[in-house]
1. Going by Cα centres, the stretch 315-351 and the stretch 23-38 are how many Å apart?
2. Contour minus end-to-end for LYS370 and LYS408, with contour as 0.36 nm per residue of separation and end-to-end as the Cα-Cα distance?
3. At a 10 Å Cβ-Cβ cut-off, how would you order THR471, THR136, fewest neighbours first?
4. Nearest 20 debye, what's the magnitude of the dipole of the chain about its Cα centre given +1 on Lys and Arg Cβ and -1 on Asp and Glu Cβ?
5. Would you mind giving the average projected area, over all directions, of the Cα convex hull of the stretch 131-195 in nm² with one decimal?
6. Taking only the alpha carbons of the stretch 1-140, what extent do you get along each of the three principal axes, in Å, biggest first?
7. Report the dimensions of the chain along its three principal axes from the alpha-carbon atoms, largest first, rounded to Å.
8. What is the list of residues in the stretch 253-273 whose amide nitrogen lies under 17 Å from a point 7 angstrom out from the Cα of VAL133, following Cα to Cβ?
Amino acid sequence: MAIETLEPLVEMDGRRLYYTFIAGARKVIEHQVELNKINVFPVNDGDTGTNLASTIRAVVDSLHPNKSYKITADMIAETTLVNARGNSGIIFAQFLYGMSSETGNFKTITIKQFAESIKNSVRYIYEAVSNPVEGTMLTVIKDWANYVYDNRNIITDFNQLFISSVDVLNKSLVATKSKLAVLTKANVVDAGARGFVFFVEGIIDFITNRNLKDLIQVKAETALFEKIEESIPEKVEFRYCTEALIKNSSISKETILPILGKYGNSIVVAGSDKMRRIHLHTNNPAGLFCELRNTGTLAFQKADDMVRQSDVVYNRKWKIALVTDSTCDLDQETIDKYQINMLPLNVNFGEDNYLDKITIQPEQFYTLLKENKDYPKSSQVNEKSFINIYSHLATHYDSIIAIHLSHKLSGTYNSSRKAASAISKEFNKPISVIDSRNISGALGLVLLRAAEAIEAGYSHDQVVNMAEKWTKGARIFVSVRTIKYLVRSGRVSMVRGLLARILNVNPVVSIDGSGKAILLDKTFSQKANMVRVMKHVTKINDGGKIWNYIVLHANNTDAAKWYSTRMEILTKKKPVFVVNISPVLGTHAGTGAAAVALLCD
């Protein structure tokens, strides 16, 4: 269906609003790589384009227009608010939320009514940002809204209104370069502001060409731009770009602002008490959400690693990127050294959602495990998250290798594989996804060896072939203190669990060659259990050389020390490191579990 008429558009209904939005969205999605390249404020993490594209793509993917302008405006506002990513994404979503909130229950809207809603929505975005900075997306939206409002009684055609506003937009955009020192130094305009201008330019393209069929083919820009040398890297003060959706908040915006202020900066609070979207940069997302957990339902969380994003853009050590998931139990120092990109699985306590190892650390997890009546459940990394990270990495690396936990334990591997296939075709770059057929420290050792191979200069295909072989030599043995957590998580049936508890049985859990969790052995105490684990490890060591090992525990440092001592005697090596296992694994193994993971040559 195409909008054929060239007559003035004096009123806009829901369908025209929808297609107008899609036209703007298309332009942003097509230019997301360019926006990433000029992203230097508030931090130079190179993801403004990705975040804006992700925010608006949700409307493209999931909404269908309603004839009513008000209903369509509300749907667009809610969808972007729920799916908003990054500072610019949330500001843009809040702008749309303000526009819908300031619109009466109209089936069609006039320019005068539209202008008033746009003008009033500016207040929403300035109130949402704790420290509004001029020379950014805020300024450009404000200048555009003022132009629309000032001409509400002069221009009677929506088409003419949008087309004539481009000069004001471009003038405001160019001015951002002189209003912020960081933009002046980098010789670029503000990326978020440029994104908004692209959005309006897309609308103008639609008005000019009037080809609705093209709007259905919204594809990401695949052209790769050269690095802008004027963009000088700066030290990232706060590591995580952190966001959350809090439903039915029990505290006001005025109360939540000082809480966020204790943890970081770049604070944006959008939406209402019913559905509040927060954004900030912080080094302690886990501490923040521990404090917020009783203020409403934590329905969604995101925490992007801006240090890693900045390294991707400005400080790549190698041409091959490594990706894994949070069940890979490596220490942060190793992850940083090899610039490994880790996507967190989800941990849910009832309706509250957390990100494994990021917005919930082991210490908080085991406290919640004791206090919360809801037993935690874990869920996979979704395909959209992999689409986002692979798009970002493919912009800067020659190829990508991802290594994940066993496909028999989670759908994460399959989500990664589907996303990799799509992005590999889009960017014409190889992305290999490997099923480790393991988990935790065993997965970590395979990833560590792959990282060392990349550091040594091996090619993409060589690393993939070696990693596939290494997965066959990775093993993990978990001594479980009590079987009740395996029962509650569904890994062991209620009947078997009841019998085991009656007999006071402590299992040894491992992973078989296909990647399936198995009950390998059992004893009547955890100490005997650990001795049995060492017998299995000794047998492996006698049959072949252990390349290295990791000791893991679930808040059981005594057991970790015991394993470390015996393993050092056996292998004549210290552990690569000793780690508190991820909360996702803790949902199954429970408090007190301890493990040895090893990799054979």
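1. The stretch 315-351 and the stretch 23-38 have Cα centres spaced 27 Å from each other.
2. Length gained, LYS370 through LYS408: 10.9 nm.
3. THR471, THR136
4. 2360
5. Values: hull surface 18.5 nm².
Here the figure is 4.6 nm², rounded to one decimal.
6. Sorted largest first, the three principal extents are 43, 32, 26 Å.
7. 86, 50, 45
8. Once the point is set 7 Å along Cα→Cβ of VAL133, 261, 264-269 turn out to lie under 17 Å by backbone N, inside the stretch 253-273.
Every read-out reported here was derived from the displayed coordinates using simple, explicitly stated rules and does not represent laboratory data. As the structure is a prediction and not an experimental result, all values here were calculated from the model. Cβ sites come from the backbone with ideal geometry, for glycine too, and all protein chains shown count toward neighbours.
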